[in-house]
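Report on one structure; see the data block that follows.
The values are calculated or read from the model by the stated rules, or taken from the named source; none is laboratory data. Small disclaimer: the values here were computed from a predicted structure and weren't measured. Quick reminder, even Gly has a Cβ in these numbers, built from the backbone with ideal geometry, and neighbours come from all protein chains shown. For accessibility, only protein heavy atoms count, side chains too; no ligands or nucleic acids. Shrake-Rupley method; radii C 1.70, N 1.55, O 1.52, S 1.80 Å.
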Amino acid sequence: MQEQIQQLEERASQRLHEVASLADLEEVRRALLGKKGELTALLRGMGGVAAGERPRMGQLVNDAKLRIEAMLEARGAELTRIARDAALAAEIIDVTLPARAVPFGRRHPLTQTSDDIVRIFSGLGYEVVEGPEVETLYYNFDALNIGPDHPARDEKDSLFISDNLVMRTETSAVQIHVMESRQPPVKIIAPGRVYRRDAVDRTHSAIFHQVEGLLVDQGVTFGDLKGTLTAFLQQLFEAIPGGSSLRTRFRPHYFPFTEPSAEFDISCIFCGGTGCSTCKGTGWIELGGCGMVHPGVLENVRYDSETYTGFAFGFGIERMAMIKFGIDNIRLFYDNDIRFSQQF
Amino acid sequence: MRISTEWLREYVALPSPDELAHVFEMAGIGVEDHEGELFSLEVTSNRGDWLSAIGLAREIGAMTDHLMRVPAPTLSETGEPIQGRVQVEIENGDDCPRYVARLIENVKIGPSPEWMQHRLEQCGMRPINNIVDVTNYVMLETGQPLHAFDADKIVDKHITVRRAHPGERITTLDGVEHTLNEEVLLITGRDRPLAAAGIMGGLDSEVTESTRNILLESAHFDPLRVQRGKRKLGFGTEASRRFERWVDPNGTLRAADRAAQLLQECAGGTVAQGAIDRYVKPMSDAVVNLRPARCNAVLGLRLSTQAIITVLERLGLRVQRLSEENLQVSAPTWRRDITREIDLIEEVARVHGYDHIPTTLPRGVNIGAGRALSQRLEEQARSALVRCGLTEIVTYTLQSAAAVERAGLLSNDSVTSAIKLRNPISEDYTQLRTSLIPSLLETLATNARYRVQLFELGKVYLPRDDGSVETVKEQPNECRRIAIGLLDAPVPRWQKGAPEMDFFFLKGVVEQLLHALGTPAPQYQASQQSPFHPGRCASLSLDGQDLGVLGEVHPAIAEGYGLKHRAYLATLEFDALVRHISLIKAYTPLMRFPAIERDLALVLRAEVPAGTVQTVLRNAAGSLLESIEVFDVYSGSPIEAGFKSVALALRFRATDRTLTDAEVESTMHQIQAAATRELNAQLRT
């Protein structure tokens, strides 16, 4: 009997070693420990054992059963691990394949730049106003001191709709609407689309965006105009190396609605002012026009041009964005190629 | 205006070319480029006097504080007196305030001296012969355009300055015949027109090889008249460019004398004694007062009265000190741009130097600073769409009728009555857009190779007139709209789980947007309109007001744009949305009492929209119903053909107590009754 138990244990160990799957293992368990299993058969054979021997033999069979169960469990754990490893091996992915494109929206570089400009002037206390793009000749020209025979009123320079209506050629007309509706102090900026009868090339677009600024109050000086634009430009270009310390230059110019008038430049932020292809070797980049509001313009809106003075300025948003992002072709803004848009 | 420093140095001391470029810039004269001695300058339209060597030298002298010297013409008039031999009549002194004529006889036509040819070429003018060259040279020197007639081709040497008769013709020097109208001012002989005044001479009275006697014209024409004449003729000249910008009426005689002197020297002519000088409308200096205190207040300077006087005198203005507080300034007739005090203040700023005006900041606060509400809502909308993964685009606001047609919008009334430009630049941009869809579809086409999600927030321009576009008088209604465009594209096999782009994704984006703006839930209704798929398009409204449309692009339209995969569009009326936006975000207490949930499956006719089912059930449920959601729609066996099953999850809750099953059961009965009564629905079991 004792020998039989020993042989059973040895066979069990041998069979468990050979078992390759959890299903086979279950079969082996049943063959050993099941109702018709070998160990059960051994226990049934206890009847032939001498009565005095029975407790000892029973003990031996039980011990063997525990050991076999432990072996089954160990082998089961081992097979489970092997099976999981195999399943995981089947799930290997190539981690170097491209990522799934998670849709990530972006703002257009022009509206981003417009926002920057608006944010800076909001901080300086300016109010943001808007006006119509289809403007009457009075607001677009006459009220801005642009008389009936000024070249800007020529059919070849501006886009007309009728004898009375024109696509606004600058956002300055918004100034007049605002000044007509209230008394000074007036402190506004007006961003928006403007239209010129220009052929489109790398730096010109028939439709583009402008920001117009206006401050009318007592005691406003030309020095204040210089200071305001300098502070603004240093903030707008602060992210560009040297941007926060850029220099400004004001050159006399002629505009019908300002006097004194100026064009304003910044020291070239690409070469630091030593001369490069962007600034055409001059060290300066031209940005826009400005000046003290012409007393005639103030009088057109019935302001007392003795009590109040003011300044106005205007510049193109495209131009600012081109400098800020290093874009060399204005058409890219309107092509809306996603490969361009996703860069900002 | 091109000029060499060699010429300018004749009148005034000059700094180095680089320094001179800076002087020009800071005077307000743009330097387009300069190579050593030669400057190419950009002159603003208010300063005709800068279109001459002497005018530029005067400005340099003022800016650099150097005296300018211009020698007076030296002339020996050895011929017979001109009086009685030449007649000039001026019909209207407003058109031609002054006309000076000189007679130079027995000239010998030939080339002009080399120094003169050289200077003309440097200024970009082609030498022709000694007579024409002298007139051009004096124009460049003094700014006064001159014209030389062959005196023997003018009947009785009698000249009349008058407007052209309608239909009258002239052949100009360039050989082109022009038909005129009364806008054009003419120099005429007894028999025919001799020149278009201030623009170009006539071919008939041109100086030729055989010319012996010259009648020299030095006149002042009204700038507006020359401009109108130029517009009628369709071209301008160096002469008209100067007349349009103003030529000094008190410089005509001197320019004629200078030209006569040079004709004598270069063509051997005899100058007739005297000149005809018809100065019918004499002009004198402008007198303008200037208060030094005002000047300082505008500029932010503290200049003394004496310093201001010095600056003005450097410019050639004459200053009389009425008092310490008030100066009287006379501006010579070559400075017609100076008409009021601010013009003098600008002169002080320029000559003192913009660089020397201190940089300061204005005072004061502005309570209204920053963006207005509707502008902030634009920001919110843009931000919401970007967070949904959409990329913003900016497109042209001008478009062509062909582009509208391509987008399938031609049948739309508001689109066809678009406002047209009277003078478009090209046929691609002829009218103001009335829809954002055409340019959005074009942008999808640009990016047709990719899976893209785009939006634009921009204006459309809706006519208020009846659409008879030739006579549009009223400004259009400029409305803001939002357009959304989605374009599907196949994804690689290993990315198959990417969210599906379909109508309901688009609807999800629209709802996120409305949610971000705080608008109430809108109503959707199946709609059929171009350019959408007839079975996959919905209109969107709120309280009966139309808010927009969303749907799949009709395959025929998509094909026209070369879109190979399904595309989806939405346009929303932003201005209308804004009126429904509630900015109040009120806190709702978190629910303390439990909810009871019930599912309901109804079988009803397939064409009944799920939205209608929800509305009917919600109306029947009363206040205990918290939410109702469709979670399945099924048609097919065992449901009878033409019918469908709609499964809904309903949640009931009371805010003040725990609901009982009995309460919910009674509500469910009401709901089921309404479903049977109003929808002909049966309970699916």
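Angle of helix B:53-64 to the longest C-alpha principal axis of chain B, folded into 0 to 90 degrees and rounded to 10: 70°.
Solvent-accessible area of residue B:388, all protein chains in place: 40 Å² (probe radius 1.4 Å, heavy atoms, ligands and nucleic acids excluded). Under the combined filter of DSSP loop state and at most 15 neighbouring Cβ atoms within 10 Å, the range A:1-103 retains these GluC sites (Glu not before Pro): A:53, A:91.
Each of B:95, B:222 has its accessible area taken with a 1.4 Å probe; listed largest first, they run B:222, B:95. Each label was represented as a point 7 Å from its Cα along the Cα-to-Cβ direction; for residue A:23 and residue B:619 these points are 6.1 nm apart.
The C-alpha atoms of chain B define a longest principal axis, and helix B:130-142 lies at about 60 degrees to it. Accessible surface of residue B:156, taken over heavy atoms with a 1.4 Å probe and every protein chain present, rounds to 90 Å². Ranked by the mean number of other Cβ atoms within 10 Å of their residues, highest first, the peptides B:588-598, B:35-45 fall in the order B:35-45, B:588-598. When B:7, A:284 are compared by accessible area of protein heavy atoms, the largest-first order is A:284, B:7, using a 1.4 Å probe. Dividing the alpha-carbon radius of gyration of chain A by the rule-of-thumb value 2.2 N^0.38 Å gives 2.16.
Computed about its Cα centre, the charge dipole of the range B:151-300 is approximately 700 debye, with only Lys, Arg, Asp and Glu carrying charge at their Cβ. A straight chain from residue B:160 to residue B:179 at 0.36 nm per residue would run longer than the Cα-Cα distance by 4.9 nm. Taking every alpha-carbon pair under 8 Å whose residues sit at least 6 apart, chain A reaches a relative contact order of 14 percent.
Could you pull out which residues in the range A:1-37 have an amide N less than 19 Å from a spot 7 Å beyond the Cα of residue A:85, following the Cα-Cβ vector? Those under the cut-off are A:16-25.
Here the simple spin-label model places points 7 Å from the Cα toward Cβ, and for residue B:235 and residue B:386 these points are separated by 5.4 nm.
Quick one: angle between helix B:373-387 and the longest Cα principal axis of chain B, in degrees between 0 and 90, rounded to 10, please. Compared with the principal axis, the helix lies near 60 degrees. Taking the Cα of residue B:126, stepping 7 Å toward and past its beta carbon, and measuring to each backbone N in the range B:166-194: which are under 18 Å? Only B:172-177 fall inside the zone, counting backbone N under 18 Å.
Would you mind checking B:507/B:564; A:156/A:280; A:280/B:232 for any pair whose Cα atoms are more than 31 angstrom apart? Check vs 31 Å cut-off fails for A:280/B:232. Against the compact-protein benchmark of 2.2 N^0.38 Å, the Cα-based radius of gyration of the range B:373-580 scales to 1.02. Counting every alpha-carbon pair across the range A:70-194, the share separated by more than 23 Å comes to 61%. Among the listed pairs A:187/A:226; B:108/B:230; A:226/B:459; A:226/A:324, a Cα-Cα separation exceeding 27 Å is found for B:108/B:230; A:226/B:459. Working from Cα pairs under 8 Å separated by at least six residues, relative contact order for the range B:177-216 is 22 percent. Looking at the range B:286-355, the pairs of alpha carbons with a distance over 16 Å make up 37% of the total. Heavy atoms of chains B and A lose about 7500 Å² of accessible surface on contact, summed over both sides with a 1.4 Å probe.
Protein heavy-atom accessible surface, 1.4 Å probe, per residue over the range B:38-163: 39 Å². Adding -39500 (n - 2.57) for every DSSP H run of four residues or longer, then dividing by how many residues chain B holds, sets the calculated 222 nm ellipticity at -9000 deg cm²/dmol. With a cut-off of 8 Å between alpha carbons and a minimum separation of six or more residues, what is the relative contact order of the range A:168-272 in percent? Value for the range A:168-272: 18 percent. Only the Cβ atoms of Lys and Arg (+1) and of Asp and Glu (-1) were treated as charged; on that basis the dipole of the range B:2-64 about its Cα centre amounts to roughly 300 debye. Using only side-chain charges placed at the Cβ, +1 for Lys and Arg and -1 for Asp and Glu, the dipole size of the protein assembly as shown relative to its Cα centre rounds to 2720 debye.
With all protein chains in place and ligands, DNA and RNA left out, the 1.4 Å accessible area ranks B:12, A:49 as A:49, B:12, largest first. Counting only protein heavy atoms and using a 1.4 Å probe, the accessible area of residue B:68 comes to about 60 Å². Over all pairs of different C-alpha atoms, the range A:2-90 has a mean inverse distance whose reciprocal, the Kirkwood radius, equals 14.1 Å.
Only one residue of A:55, A:19, A:80 has its Cα farthest out toward the positive end of the dipole of the range A:2-90, where Lys and Arg carry +1 and Asp and Glu -1 on Cβ, and that residue is A:55. Share of carbon and sulfur in the accessible area of the protein assembly as shown stands at 50%, probe radius 1.4 Å. Which listed residue (B:611, A:152, A:225) has the Cα farthest towards the positive end of the charge dipole for the protein assembly as shown, taking +1 on Lys and Arg C-beta and -1 on Asp and Glu C-beta about the Cα centre? Going by the charge dipole, the pick is B:611.
Taking every full run of DSSP H in chain A, none both stretches at least 30 Å from end to end by Cα along its long axis and averages 1.0 or higher on the Kyte-Doolittle scale. In order along the range B:190-196, the phi-based Karplus estimate (6.51 cos²θ - 1.76 cosθ + 1.60, θ = phi - 60°) of 3J(HN,Hα) comes to 5, 10, 6, x, 9, 6, 7 Hz; Gly and Pro are listed as x. Fully extending the segment from residue B:361 to residue B:118, taken as 0.36 nm per residue of separation minus the present Cα-Cα distance, adds 82.4 nm.
Only alpha carbons enter this Debye calculation for chain B, each as an equal point scatterer, and the log10 of I(q)/I(0) it gives at q = 0.09, 0.10 Å⁻¹ is -0.93, -1.03.
Listed by chain and number, the lysines placed with their C-alpha closer than 17 angstrom to that of residue A:65 are A:35, A:36; residues fewer than eight positions away on the same chain are left out. Using 0.36 nm per residue of separation minus the Cα-Cα distance, give me the extension gain between residue A:1 and residue A:307 in nm, one decimal. Extra length from residue A:1 to residue A:307 when fully extended: 97.6 nm. Convex hull volume of the C-alpha atoms in the range B:596-683, normalised per residue: 80 Å³. For the protein assembly as shown, the pair-distance distribution built from all alpha carbon pairs, in bins 10 Å wide starting at 0, is 2, 8, 13, 15, 14, 12, 9, 7, 5, 4, 3, 2, 2, 1, 1, 0, 0, 0 percent.
Among B:649, B:306, B:582, whose Cα sits farthest toward the positive end of the charge dipole of chain B (+1 at Cβ of Lys/Arg, -1 at Cβ of Asp/Glu, about the Cα centre)? Result: B:649, furthest along the dipole toward the positive end.
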